[in-house]
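Since every read-out is calculated from the coordinates, none of them should be taken as a lab result. Every value quoted in this text rests on a predicted model; they were computed, and no experiment measured them. Cβ atoms come from the backbone with ideal geometry, glycine included; neighbour counts cover every protein chain shown.
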Ligand SMILES: CC(C)(COP(=O)(O)OP(=O)(O)OC[C@H]1O[C@@H](n2cnc3c(N)ncnc32)[C@H](O)[C@@H]1OP(=O)(O)O)[C@@H](O)C(=O)NCCC(=O)NCCS
C-alpha cells in the first residue's frame, strides 16, 4: 500500500503478521536501545577500518538517523528508486516495534541491496523472514532486476533468514570484511524476480507462531 503526501510518501507493506512502515522520531528510543545490542552493532553498525564499531547510538543520534531516512523517502518520491530508505518492522496486530529493514542502495543497473535487524527480545518468531519477503516483493514491483544481501559468514541467524526468504547463496567473498582487526568472509545471497519462489501474491511466508 502506498500513499503520496506532497512529496512525503508513506509506504506501508504488510502480510497481516508484520507491518513495515516508515520510521518516526517517536521510535528513536527503541532504535537507540536496539543499537546497544552487540550483534546489531557488529552486523548492522558503522565500523571503522579495523572493524571497530562506532559508539552506541544516543536517542538524539537515532533521531538524526530517522531524519536521514525521511530525506531518502522524499528523494524516493521523485526518483521512484528507493535508496537509503528504511522501514520499521512492527507486529501487525499490536503495532509494537520489533526491528528494521532498509534498502542500502539501488544501483544504476536496478540492483537493490538491503539489510535488516530484529531487537533481541523479538527474535525467533519469523519477523525478519517475513520482512525480507515483503521488502523483496516491493523491490521487484518497483522494477528491481536483482535484490541481494551480504552476510558475514559466521552470522548463521542471518544466513537462515536469507535462505528462508528464498535467496540463493551465490558465493563467498573471502576476507572481504574486518571485525576487531581480523579478516572475515562475507557471503552473497541474491534473488532474481523471474525465479524467486515467493513472488506471487498467494505465495506468503509460512505461518508465524506469535
Ligand atoms: C539476523 C536476525 C535478523 C534473525 O532474526 P530471527 O528472529 O532469528 O529471524 P526470523 O525472524 O526469520 O525468525 C526465525 C526463527 O523464527 C522461527 N519462526 C517462527 N515463525 C516463523 C515464520 N513464519 N517464518 C520464519 N521463521 C519463523 C523460525 O523457526 C526461526 O527459529 P529458530 O531460529 O529457532 O529456527 C537477528 O538475529 C538479528 O537481528 N541479528 C543481529 C543483526 C544482524 O545480524 N542483522 C543481519 C545483518 S546481515
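Here the extension length gained between residue 105 and residue 197 equals 30.8 nm, from 0.36 nm per residue of separation less the Cα-Cα distance. Out of every Cα-Cα pair in the chain, what percent are more than 25 Å apart? Tail fraction, whole percent: 36. In the stretch 2-191, the DSSP beta bridges split such that about 90 percent are antiparallel, to the nearest 5.
Which one of 192, 142, 57 has the biggest mean-square fluctuation once the chain is modelled by GNM with Cα springs under 10 Å? The residue with the greatest mean-square fluctuation here is 142. Here is how the number arises for the chain: DSSP H runs of 4 or more residues each give -39500 (n - 2.57), the sum is divided by the residue count, and the result at 222 nm is -8500 deg cm²/dmol.
Among 114-121, 157-164, sorting by the average number of other beta carbon atoms lying within 10 angstrom of each residue, highest first, gives 114-121, 157-164. Here the label points at residue 71 and residue 92, each 7 Å from Cα along the C-beta direction, are separated by 3.4 nm in the simple model.
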